[in-house]
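Structure record follows, encoded as structure tokens.
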Amino acid sequence: MYRLELRSDSGPEIAFKIDHEVEELAQRLFDENGDDNLIEPKEIGWPEAYARTQELLKSSETPIFEATMRIKVALALADAMLPDLSSGPLQWKMNEEKSSTTFKDYNRDDVAVQTRSAI
């Protein structure tokens, strides 16, 4: 017998919670000093998020989380932008965290858009 009240629709909620936990773990891993360069467009607004990201990319030597970038046809939020000073002037490595255990085709598209937006 089918019992509607036992059905669980919590799949998306669980996935969101896991994604959020992975992001928090990455922030603790990459930002040991707790510099907290987290860009939160929903709190500060999109124009300020773009401006803050550009400011940090030019001057910061600490990781930037949810770096917010745009071009005419795309918007991208990089999970983590990691500074690299190993070869002279400041350069950035983009790091994308995924909570899944396998690579999916749409992950490639996601990273491609983010990379193009960051150039």
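The values are calculated or read from the model by the stated rules, or taken from the named source; none is laboratory data. A quick note: this is a predicted structure, and the numbers were derived from the prediction, not measured. Here Cβ is always computed from backbone atoms with ideal geometry, including for glycine, and neighbour counts include all displayed protein chains. Quick note on the areas: whole protein, heavy atoms, side chains included, nothing else; ligands and nucleic acids left out. Shrake-Rupley method; radii C 1.70, N 1.55, O 1.52, S 1.80 Å.
A search for C-beta distances below 6 Å between a residue of region 62-90 that is over 19 Å from Ala49 (Cα atoms) and any residue that is open to solvent by less than 10 Å² (accessible area, probe 1.4 Å) and acidic (Asp, Glu), counting only pairs 6+ apart in sequence or on different chains, returns nothing.
Restricted to region 85-94, and to residues there that are open to solvent by less than 70 Å² (accessible area, probe 1.4 Å) and assigned to a loop (DSSP other than H, G, I, E, B), the residue that is modelled with the highest pLDDT is Leu90. Within region 13-34, residues that are within 16 Å of Met81 (Cβ to Cβ) reach partners that are at pLDDT below 75 and in a loop (DSSP other than H, G, I, E, B) with beta carbons closer than 8 Å, at six or more positions or on different chains, in the pairs Glu23/Glu97; Ala26/Glu97.
Could you please let me know if Leu82 is surrounded by 15 or more Cβ atoms within 10 Å (Cβ to Cβ) and over 20 Å from Glu24 (Cβ atoms)?
On the way: surrounded by 15 or more Cβ atoms within 10 Å (Cβ to Cβ): yes; over 20 Å from Glu24 (Cβ atoms): no.
So Leu82 does not fit the description; no.
Within region 72-80, identify whether any single residue is over 20 Å from Glu96 (Cβ atoms) and either modelled with pLDDT of 90 or more or among the polar types (S, T, N, Q) (or both), and answer yes or no. No; the residues of region 72-80 include none that is over 20 Å from Glu96 (Cβ atoms) and either modelled with pLDDT of 90 or more or among the polar types (S, T, N, Q) (or both).
For region 37-48, state whether one or more residues are out of contact with any helix residue (DSSP H, G or I) (no Cβ under 6 Å at 6 or more places or on another chain), modelled with pLDDT under 80 and within 22 Å of Asn95 (Cβ to Cβ).
The first filter runs over region 37-48 and keeps only residues out of contact with any helix residue (DSSP H, G or I) (no Cβ under 6 Å at 6 or more places or on another chain), leaving 38, 40, 42-48.
The next check asks that each one be modelled with pLDDT under 80; those that pass are none.
No - not one qualifying residue is present in region 37-48.
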